[in-house]
Amino acid sequence: MRLTIVTPASIVADYDDVLSLRAEDETGWFGILPGHADFLTALAVSVMSWRHADGRVRHCAVRGGVFSVDGGASI
């Protein structure tokens, strides 16, 4: 999967080898795997985490924002 994190001022992260991602919205934590259905949600103040194909795990603190999945599986 491709993960891109942007702010109004810059691109914070841009990776194309992400195997899984965990984030939080107002309903709680959710996970994303390759092929996830498209959706859009507002992020809560939290820490996103993701795992790369080589096993590295990365984290990014967010102060809200918009999270979208596009190009995923159709339902």
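The values are calculated or read from the model by the stated rules, or taken from the named source; none is laboratory data. Keep in mind that this is a model prediction, so the values were computed, not measured. Don't worry about glycine lacking a Cβ; one is built from the backbone with ideal geometry, like all the others, and counts go over all protein chains shown. With ligands, DNA and RNA removed, areas are computed over all heavy atoms of the protein, side chains included. Shrake-Rupley method; radii C 1.70, N 1.55, O 1.52, S 1.80 Å.
Within the range 35-64, residues that are touching a residue at least 12 places away in the same chain (Cβ under 8 Å) and acidic (Asp, Glu) sit with their Cβ atoms under 9 Å from residues that are open to solvent by 70 Å² or more (accessible area, probe 1.4 Å) and assigned to a loop (DSSP other than H, G, I, E, B), at 6+ positions apart or across chains, in these pairs: Asp38/Asp70; Asp38/Gly71; Asp38/Ser74; Asp38/Ile75. Given the criteria part of a strand (DSSP E or B) and either more than 11 Å from the chain's Cα centre (by Cα) or in contact (Cβ under 8 Å) with a residue 24 or more places away in the chain (or both), does Phe67 qualify? Yes: the conditions hold for Phe67. Scanning the range 48-63 for residues that are surrounded by 11 or more Cβ atoms within 10 Å (Cβ to Cβ) and in a strand (DSSP E or B) turns up Met48, Ser49, Trp50, Arg51, His52, Arg58, Cys60, Val62.
Residues of the range 15-47 being among the charged types (D, E, K, R), open to solvent by less than 50 Å² (accessible area, probe 1.4 Å) and assigned to a strand (DSSP E or B), which ones? Explain how you work it out, then say what you get.
Step one: list which residues in the range 15-47 are among the charged types (D, E, K, R), which gives 16-17, 22, 24-26, 38.
This time we only want the ones that are open to solvent by less than 50 Å² (accessible area, probe 1.4 Å), so: 17, 24-25.
Selection gives Glu24, Asp25.
Just one of Val12, Val66 is open to solvent by less than 80 Å² (accessible area, probe 1.4 Å) and at negative phi; which is it? Reasoning before the result, please.
Details: Val66 fails: open to solvent by less than 80 Å² (accessible area, probe 1.4 Å).
Going through Val12, Val66 in turn, the sole match is Val12.
Of all the residues in the range 31-54, those that are under 17 Å from Arg2 (Cα atoms) and either in contact with an Asp or Glu (Cβ under 7 Å, 6 or more places away or on another chain) or not aliphatic (A, V, I, L, M) (or both) number 12.
The residues listed here are Thr41, Thr7; of these, the one that is of a type in the set (S, T, N, Q) and within 12 Å of the chain's Cα centre (by Cα) is Thr41. Counting the residues of the range 1-18 that are in contact with a strand residue (DSSP E or B) (Cβ under 9 Å, 6 or more places away or on another chain) and either without any contact (Cβ under 8 Å) to a residue 24 or more places away in the chain or of a type in the set (Asp, Glu) (or both) gives 8.
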